[in-house]
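Single-structure report; data block below.
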Amino acid sequence: MLKFLHVVGARPNFMKIAPLMDALHQAAAQRKADLEQVLVHTGQHYSREMSSLLFEQLGLPEPNINLEVGSGGHGMQTGRIMEAFERVLLEQKPDLVIVVGDVNSTIACALDAKKHHIPVAHVEAGLRSFDREMPEELNRVLTDAISDYLFTTEPVAEENLAREGVAREKIHFVGNTMIDTLLHHRENALTRDVLDQLNLRDTPYAVVTLHRPSNVDNPQILEGILVALEQISRDLKIVFPVHPRTYNQIESNGFSALLEKGNFHLIDPQGYLDFLCLVANARLVLSDSGGIQEETTVLGVPCLTLRHNTERPITIENGTNRLVGNVGTDIMAGYHEVQSREWAGRRVPEKWDGKAAGRIAAILLDSFIN
Ligand code: UD1
């Protein structure tokens, strides 16, 4: 009996793990291999909109174990996860721990596993923003340094890893499991009635998401972004699902009045399907998310990324993504440029074809079953 333990913690993890659990289940059945998959949720995200709603829509099984660590400072959150996950490892004794992405749960569980000599697979390895003030960049570098299987989504990731001394034989360019999820659910998502519910059927609109501490935790920067969005809202309605971190900052800094001035539609964080439907039908997306840069690239929707760097350069080279930073005038310049732009030569990145999870499953089972 082989036992793989999957770790999820925060919203962007769920869409990366869902296709992999399915693919491993299928691949093991085909090989008549006895594979047990255990799903551990650290509880880093816990609200219904940030967690259980996505589980339901993605068809993820209920977590076998929920560590319920909740929110907190980086040290506290990472430490709590490590303490609780160590107990799980000692009890479950998995053959492999699979972590995804770059959140605090990713490094916490990878480090625990390696300290107990359990191999680690990292899905979405090798992405680098080269900005070590980003908490996610530290999580990426550290997780990659100790992982045994590094599954990458774009070619530059292998170069980044090789430069850091990771042995080439550990690196596998497999594609993007988050895009597996997008392709799997796209048709169904487009039938959702969220456009009617929000009265957007005949209204040109932009979708905005913001949650990076570097954008929302500094009131001056956040205010500058909101002022730029208000200007854009004179042309396009702004549909803004507000992340809890951002909601707290808008409330505590009294920015609600600023938003009331513009043509904004503030909504709660959306489930996966409604959000996909909203993005697919948008004229434009403005966001500081990592994953949305990739999703808009596949959907062909222009994306202005409100950051100075990206760990996902292929979304600029091949896709519809532009970096505009977080200063109002730069956001506006990007907005005007994108309107007059043709996206000729745009193409979906290599191996973003809905089969990435299958590739990972084949590599892992080849490696564990002789
Ligand atoms: C985390 C990840 C980030 C990821 C993002 C996606 C790290 C370091 N950060 O950032 O990489 O892009 O998730 O959303 O791992 N809150 C709720 N309900 C929840 C979760 C959080 O209300 O279910 C509130 C809490 O007030 C919390 C705040 O949101 O303090 C921020 O949550 P936290 O998990 O600390 O960071 P994120 O900004 O979500």
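The values are calculated or read from the model by the stated rules, or taken from the named source; none is laboratory data. Because the structure is a prediction, the values reported are computed rather than measured. Note that we place each Cβ from the backbone using ideal geometry, even for glycine, and neighbour counts take in every protein chain shown. Side chains included, ligands, DNA and RNA excluded: accessible areas come from the protein's heavy atoms. Shrake-Rupley method; radii C 1.70, N 1.55, O 1.52, S 1.80 Å.
Return yes or no: is Asn160 surrounded by 17 or more Cβ atoms within 10 Å (Cβ to Cβ), more than 21 Å from Lys3 (Cβ to Cβ) and more than 12 Å from the ligand (Cβ to nearest atom)?
yes
(1) within 23 Å of the chain's Cα centre (by Cα); (2) without any contact (Cβ under 8 Å) to a residue 24 or more places away in the chain: which one isn't true of Asp202, the others all being true?
The single condition Asp202 does not satisfy is (1).
Quick one: Gly300 ticks every box in (1) open to solvent by 10 Å² or more (accessible area, probe 1.4 Å); (2) within 16 Å of the ligand (Cβ to nearest atom) bar one, so which box is it?
(2)
Across the stretch 213-247, which residue is least open to solvent (accessible area, probe 1.4 Å) among those that are under 28 Å from Tyr46 (Cβ atoms) and among the charged types (D, E, K, R)?
Asp217
For the stretch 303-328, give me each residue that is touching a Phe, Trp or Tyr at 6+ places or on another chain (Cβ under 9 Å) and open to solvent by 20 Å² or more (accessible area, probe 1.4 Å).
Listed by number, the list holds a single entry, Asn309.
Tell me, yes or no, whether the stretch 198-212 has at least one residue that is closer than 30 Å to Thr152 by Cβ, open to solvent by 10 Å² or more (accessible area, probe 1.4 Å) and of a type in the set (Val, Ile, Thr).
yes
Asn13 - would you say it is within 15 Å of the ligand (Cβ to nearest atom), crowded, with 20+ Cβ neighbours inside 10 Å and not hydrophobic (A, V, I, L, M, F, W, C)?
yes
Which condition breaks for Gly358 when tested against (1) part of a loop (DSSP other than H, G, I, E, B); (2) open to solvent by 20 Å² or more (accessible area, probe 1.4 Å); (3) under 29 Å from Asn139 (Cβ atoms)?
Of the numbered conditions (1) part of a loop (DSSP other than H, G, I, E, B); (2) open to solvent by 20 Å² or more (accessible area, probe 1.4 Å); (3) under 29 Å from Asn139 (Cβ atoms), the odd one out for Gly358 is (1).
Based on this model, can you work out whether Pro19 counts as open to solvent by less than 60 Å² (accessible area, probe 1.4 Å), at pLDDT 95 or above and in contact with a Ser or Thr (Cβ under 6 Å, 6 or more places away or on another chain)?
yes
Scan the stretch 76-94 residue by residue and report those that are open to solvent by 10 Å² or more (accessible area, probe 1.4 Å), of a type outside the set (Gly, Ala, Ser) and within 16 Å of the ligand (Cβ to nearest atom).
Met76, Gln77, Thr78, Arg80, Met82
Mind checking which residues of the stretch 139-168 are under 24 Å from Pro19 (Cα atoms), out of contact with any strand residue (DSSP E or B) (no Cβ under 7 Å at 6 or more places or on another chain) and part of a helix (DSSP H, G or I)?
Asn139, Arg140, Val156
Would you be able to say whether some residue in the stretch 318-332 is without any contact (Cβ under 8 Å) to a residue 60 or more places away in the chain and under 16 Å from the mean Cα position of the chain (by Cα)?
For the stretch 318-332, residues without any contact (Cβ under 8 Å) to a residue 60 or more places away in the chain and under 16 Å from the mean Cα position of the chain (by Cα): present.
Residues in the stretch 133-153: is at least one within 15 Å of the ligand (Cβ to nearest atom), of a type in the set (Val, Ile, Thr) and over 15 Å from the mean Cα position of the chain (by Cα)?
Checked against the condition, which is being within 15 Å of the ligand (Cβ to nearest atom), of a type in the set (Val, Ile, Thr) and over 15 Å from the mean Cα position of the chain (by Cα), the stretch 133-153 yields at least one hit.
Please work out which residue is nearest to the ligand (Cβ to nearest atom), limiting yourself to the stretch 30-47 and to residues that are within 26 Å of Ile107 (Cβ to Cβ) and among the small types (Gly, Ala, Ser).
By that ranking, first place goes to Ser47.
Can you tell me which residue is surrounded by the most Cβ atoms within 10 Å (Cβ to Cβ) among those in the stretch 95-123 that are of a type in the set (A, V, I, L, M, F, W, C) and part of a loop (DSSP other than H, G, I, E, B)?
Val103
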